[in-house]
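**Q** Pasting a structure below so you can have a look.
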Amino acid sequence: MRTVERLTRSQLGFLWSIMMPVIALFIIIRVLPVLVVLLMSFTNYNMNRPLVRFLPYQNFTRLFGDPNFVTAFVNSTEFVLVAVPVEIVLGLAFAIYLNRKVRFESLFETLYFLPYIVPMVPAAIIWKWIYAPGTYGLANYLLDLMGLPRVGWMSTPQISLLAVIGIHVWKQLGFFVIIFLVGLKNIPASYREAALVDGATRWQVTRRVEIPLLKPVILFGVVMATIWAWSAFTEVYIMSQGTDISTGAEIQVMVTRIYAEGFLYFNMGYASAISFVLFVVSLLFVGLQFRLFRERSA
């Protein structure tokens, strides 16, 4: 009995010795920055001022009266509500199509995944040319060829944010196609064959067999898509530089607002308050998604 206890203690000690560096690294990289941002959000810290004062709630009450923050929050919410469903639905549809013994499947997988591995900065610069005004841009040139009216992609407020969301979806879609395709290939073929023997159609097999078994992978995709949509920055920043948008305010999102307050105006305390709000909202969205998927699985 003592030997077993000693062996168990030695095993636990070995496990702790392995896990402690990983846990410590996680705390340093992930937990401490969140705590620092939370602490800074209750101050008036500005990099141009040496004096730092504690503000109990002023930074957070200021958010509700700041039109720039309200615009950024609304745009970020629209970004999430549009980008996430489109990425998941299209990714799942393409994955189901590729899983049905399509010719040149590897070629299609490469074409879908290629935008994901292209860095966002050069990709956004290419899209700036595609969205260029007049007939200089590829998008309007193609519209002209089809006899359709030109569109002010980056000058019309109602369209410019959707145009940037389109870039984000184009960039991330290949990731979801691949993970859903891997999930589909891991479903045993016997399940599909049994459903087909029972008289199920292809669509019924997809709806009643494949999609329910793919729910854990879909949940992972939804969570990743939500986090990436809330944290969108590069595509928004690049598309608002040197275009026919006067200030870029029409397409600003939460992260670009954090960047502006923190690194252009040096209001680190206020930028930290926005960062913490973004963190809480993202956490609430992810928690809601876990709850919805759990209820549907029950």
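The values are calculated or read from the model by the stated rules, or taken from the named source; none is laboratory data. Since the structure is predicted, the reported quantities are computational estimates derived from the model, not experimental observations. As a convention, Cβ positions derive from the backbone with ideal geometry for all residues, glycine included, and neighbour counts pool all protein chains shown.
**Q** Any chance you could count how many residues in region 124-149 are hydrophobic (A, V, I, L, M, F, W, C) and in contact with a helix residue (DSSP H, G or I) (Cβ under 6 Å, 6 or more places away or on another chain)? Steps first, please.
**A** At the first step, the residues of region 124-149 found to be hydrophobic (A, V, I, L, M, F, W, C) are 124-127, 129-130, 132, 138-139, 142-143, 145-146, 148.
Next, from what is left, pick out any that are in contact with a helix residue (DSSP H, G or I) (Cβ under 6 Å, 6 or more places away or on another chain): 124, 127, 130, 138-139.
Going through region 124-149 one residue at a time, the tally reaches 5.
**Q** Counting only residues that are at pLDDT below 85 and in contact with a helix residue (DSSP H, G or I) (Cβ under 8 Å, 6 or more places away or on another chain), which one in region 174-194 is surrounded by the most Cβ atoms within 10 Å (Cβ to Cβ)?
**A** Only one residue fits best here, namely 192.
**Q** Could you tell me whether residue 158 is more than 27 Å from residue 206 (Cβ to Cβ) and polar (S, T, N, Q)?
**A** On the way: more than 27 Å from residue 206 (Cβ to Cβ): yes; polar (S, T, N, Q): yes.
Yes; evaluated as a whole, the condition is true for this residue.
**Q** With the requirement that a residue be surrounded by fewer than 13 Cβ atoms within 10 Å (Cβ to Cβ) and closer than 29 Å to residue 77 by Cβ, what does region 130-167 give you?
**A** Correct list: 157, 158.
**Q** Additional query: Just to verify a result, which residue in region 72-88, among those that are more than 18 Å from residue 157 (Cα to Cα) and of a type in the set (Val, Ile, Thr), is surrounded by the most Cβ atoms within 10 Å (Cβ to Cβ)?
**A** Once the filter is applied, the top-ranked residue is 84.
**Q** I want to confirm something. Restricting to region 219-243 and keeping residues that are of a type in the set (A, V, I, L, M, F, W, C) and surrounded by fewer than 21 Cβ atoms within 10 Å (Cβ to Cβ), which single residue is modelled with the lowest pLDDT? Step through it out loud before you land on a result.
**A** Within region 219-243, the first condition is being of a type in the set (A, V, I, L, M, F, W, C), and the residues that meet it are 219-220, 222-225, 227-230, 232-233, 236, 238-239.
Narrowing further to those that are surrounded by fewer than 21 Cβ atoms within 10 Å (Cβ to Cβ): 219-220, 223-224, 227-228, 233, 238.
Values: 219: 93, 220: 93, 223: 93, 224: 94, 227: 93, 228: 94, 233: 93, 238: 89.
It comes out as 238.
**Q** Would you check which residues across region 62-71 are loosely packed, with under 12 Cβ neighbours inside 10 Å and in a helix (DSSP H, G or I) and list them?
**A** 64, 67
**Q** Of 98, 114, 107, which residue is touching a residue at least 40 places away in the same chain (Cβ under 8 Å) and either surrounded by fewer than 11 Cβ atoms within 10 Å (Cβ to Cβ) or of a type in the set (Phe, Trp, Tyr) (or both)? Even if it seems obvious, please write down each step before you answer.
**A** Details: 98 fails: either surrounded by fewer than 11 Cβ atoms within 10 Å (Cβ to Cβ) or of a type in the set (Phe, Trp, Tyr) (or both); 107 fails: touching a residue at least 40 places away in the same chain (Cβ under 8 Å).
That would be 114, the only listed residue that is touching a residue at least 40 places away in the same chain (Cβ under 8 Å) and either surrounded by fewer than 11 Cβ atoms within 10 Å (Cβ to Cβ) or of a type in the set (Phe, Trp, Tyr) (or both).
Here is a yes/no grid of residues against (1) among the charged types (D, E, K, R); (2) under 20 Å from residue 83 (Cα atoms); (3) more than 15 Å from the chain's Cα centre (by Cα); (4) at pLDDT 90 or above:
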site	(1), (2), (3), (4)
245	no, no, yes, no
250	yes, yes, yes, no
267	no, no, yes, yes
274	no, no, yes, yes
283	no, yes, no, yes
290	no, yes, yes, no
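A quick yes/no check of all residues on (1) of a type in the set (Asp, Glu); (2) modelled with pLDDT under 85; (3) under 21 Å from the mean Cα position of the chain (by Cα):
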position: 87; (1), (2), (3): yes, no, yes
position: 91; (1), (2), (3): no, no, yes
position: 98; (1), (2), (3): no, no, no
position: 101; (1), (2), (3): no, yes, no
position: 117; (1), (2), (3): no, no, yes
position: 120; (1), (2), (3): no, no, yes
position: 123; (1), (2), (3): no, no, yes
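Quick grid of which residues meet (1) over 30 Å from residue 233 (Cα atoms); (2) hydroxyl-bearing (Ser, Thr, Tyr):
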| residue | (1), (2) |
| --- | --- |
| 145 | yes, no |
| 153 | no, no |
| 157 | no, no |
| 167 | no, no |
| 176 | no, no |
| 184 | yes, no |
| 187 | yes, no |
| 201 | yes, yes |
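**Q** Within region 24-41, is there a residue that is at negative phi, outside any helix (DSSP H, G or I) and surrounded by 10 or more Cβ atoms within 10 Å (Cβ to Cβ)?
**A** Yes.
**Q** Go through region 149-182 residue by residue and tally those that are over 19 Å from residue 86 (Cα atoms) and assigned to a helix (DSSP H, G or I).
**A** Residues that pass the stated criteria total 2.
**Q** Considering only residues that are touching a strand residue (DSSP E or B) at 6+ places or on another chain (Cβ under 7 Å), buried (at least 17 other Cβ atoms within 10 Å of the Cβ) and not in a loop (DSSP other than H, G, I, E, B), which ones fall in region 42-60?
**A** Step one: filter region 42-60 for residues touching a strand residue (DSSP E or B) at 6+ places or on another chain (Cβ under 7 Å), giving 42-43, 52-55.
Narrowing further to those that are buried (at least 17 other Cβ atoms within 10 Å of the Cβ): 42-43, 55.
Result: 43, single match.
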